[in-house]
Amino acid sequence: MKPTPEPAGVADPDISGFLDHLRIERRLSPRTVEAYRHDLLSLDLYRSERSLPGWGQLDTQHLRHFIASQHQHGLAPRSLQRLLSAIRSFYRFLQREGRSRQNPAQDLRAPKAPRTLPRTLDADLTAQLLDNTGEDDWLQRRDQAMLELFYSSGLRLSELAGLDMADLDLSQGEVRVTGKGNKTRVLPVGRMARRALRDWFSVRPAREGAQQPVFVSQRGSALTPRAIQLRLRRRGIERIGQHLHPHMLRHSFASHMLESSGDLRAVQELLGHADISTTQIYTHLDFQHLAQVYDQAHPRAKRKADK
């Protein structure tokens, strides 16, 4: 079954006014405005079916029933969260315009979306990926340096793509990165990553100007995040027979660090997470590994068919 269908067009003047507000005053993208329109028309149909003459007659209990019905019809938790966000914004607009005295969605919360564990590489597969054998041209050296630095310092894709030569201090084994929220942090660079970077710098094409990106093309232009993704995907297929994306290396870095150190706060600092709850997902990865070992090794834990 599908969620409640929306009526064609926008007949309600309050919704029309709100969508104009989003387009003109808040200058939201057409795609975002369309998402708000879709959500609010579904709510408008629900209101009409219950013969509620105005938005002020729609209370928290109505909304709770509406959200539950959408959930029962198959709307995912993330979509429900977006739906509630749209309704809250709409009612803030109505309050500002004097069309509603209250915001019935203010304290409502959608069901939590299940948190998926990030994919990681185990230590053996990581070693296989980073094994630098075969060709030794400038492209190989550049890609090897990217792989090593990703895994050595747990960088985000945007952080690696934005690196400038001035951000690296190989003599001290440090790299300075600017992450989310424009926050800067200084991270250690491991021995193998430093070696790979020095090999790359020995053949790195020259580039004019004050900006000196660490990773450039043969013409000297800075690599885009998309170009880096494609290069890593190719290396993953060549070396370990699977697609590789930058965050897999970041997740592997975090998981391996936590398994070895058990220091959640330190891993949080290294990753640049503002909230430690974001880092705690790696404790679940660690438990998964421990549970697998337990099931395989403990005499009382081996899974057999029930008798």
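Structure above, values below:
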{"item": "Alpha-carbon spread of region 182-222, three principal axes, descending order, Å", "result": "29, 28, 13"}
{"item": "Relative contact order for region 138-259, counting Cα pairs under 8 Å that sit 6 or more residues apart, in percent", "result": "31 percent"}
{"item": "The chain, accessible surface, carbon-and-sulfur percent (1.4 angstrom probe)", "result": "49 percent"}
{"item": "Between 0 and 90°, nearest 10: helix 60-72 axis offset from the chain longest Cα axis", "result": "60 degrees"}
{"item": "In Å, descending, principal axis extents of the Cα set of region 191-248", "result": "38, 27, 18"}
{"item": "Listed candidates [x] -0.46, -1.25; [y] -0.58, -1.15; [z] -0.36, -1.37 - label of the one calculated as log10 I(q)/I(0) by the Debye sum over Cα atoms at q = 0.08, 0.16 Å⁻¹", "result": "[y]"}
{"item": "Relative contact order for the chain, counting Cα pairs under 8 Å that sit 6 or more residues apart, in percent", "result": "14 percent"}
{"item": "Residue 65 versus residue 137: modelled label distance in nm, points set 7 Å from Cα along the beta carbon direction", "result": "7.0 nm"}
{"item": "Area of residue 269 that stays accessible when all protein chains are in place (1.4 Å probe, Å², to 10)", "result": "130 Å²"}
{"item": "Solvent-accessible area per residue for region 9-59 (1.4 angstrom probe, square angstrom)", "result": "54 Å²"}
{"item": "Region 39-186, Rg to Rh (Cα coordinates; Rh as Kirkwood inverse mean 1/r)", "result": "1.26"}
{"item": "Spin-label pair residue 96/residue 16, simplified geometry with 7 Å Cα→Cβ offset, distance in nm", "result": "2.0 nm"}
{"item": "Listed residue (85, 268, 153) projecting farthest to the positive dipole end of the chain, Cβ model", "result": "85"}
{"item": "In Å, descending, principal axis extents of the Cα set of region 133-250", "result": "35, 29, 27"}
{"item": "Calculated FRET efficiency for the pair residue 106/residue 185, C-beta based, R₀ 35 Å, to 0.05", "result": "0.45"}
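The values are calculated or read from the model by the stated rules, or taken from the named source; none is laboratory data. This structure is a prediction, so every number in the text was calculated from the model and none was measured. Every residue, glycine among them, receives a Cβ derived from its backbone with ideal geometry; neighbour counts consider all protein chains shown. In case anyone asks, the SASA skips ligands and DNA or RNA and just uses the protein heavy atoms, side chains included. Shrake-Rupley method; radii C 1.70, N 1.55, O 1.52, S 1.80 Å.
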